[in-house]
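Comments concern the structure below.
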Amino acid sequence: GYRVGMMFAEISVSRYKEAKELKTSLELRKIFLENLRASGKEDPATQKEIDIIQSRIDRCAEQIRKAEEEVGL
């Protein structure tokens, strides 16, 4: 009952924090790559990495949104 609920809540909170931290670091990486692209030092791999990072950011954002919905934020 209650104890399992609390454990689940704690796991959710730590997952939520991880998702937020990951999203932040992915966003910083994306900014770095976009600056690289803007300075003309990009190659096709840079754009590919930006796209991959963007999809990971979107996944994190979705996890965060779901977690906030669950706790009613």
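The values are calculated or read from the model by the stated rules, or taken from the named source; none is laboratory data. No experiment lies behind these values; they were computed from the predicted model shown. Heads up, the Cβs are rebuilt from the backbone with ideal geometry, glycines too, and the neighbour counts pull from every protein chain shown. Heavy atoms of the whole protein, side chains included, go into the accessibility calculation; ligands, DNA and RNA do not. Shrake-Rupley method; radii C 1.70, N 1.55, O 1.52, S 1.80 Å.
Note on region 2-48: among residues that are free of Cβ contacts under 8 Å to residues at least 40 places away in the same chain, open to solvent by less than 100 Å² (accessible area, probe 1.4 Å) and among the charged types (D, E, K, R), the one that is nearest to Cys60 (Cα to Cα) is Glu27.
Against the criterion of being within 11 Å of the chain's Cα centre (by Cα) and not charged (D, E, K, R), Tyr16 qualifies.
Annotation: Cys60 fulfils all but one of (1) touching a Lys or Arg at 6+ places or on another chain (Cβ under 8 Å); (2) open to solvent by 60 Å² or more (accessible area, probe 1.4 Å); the unmet one is (2).
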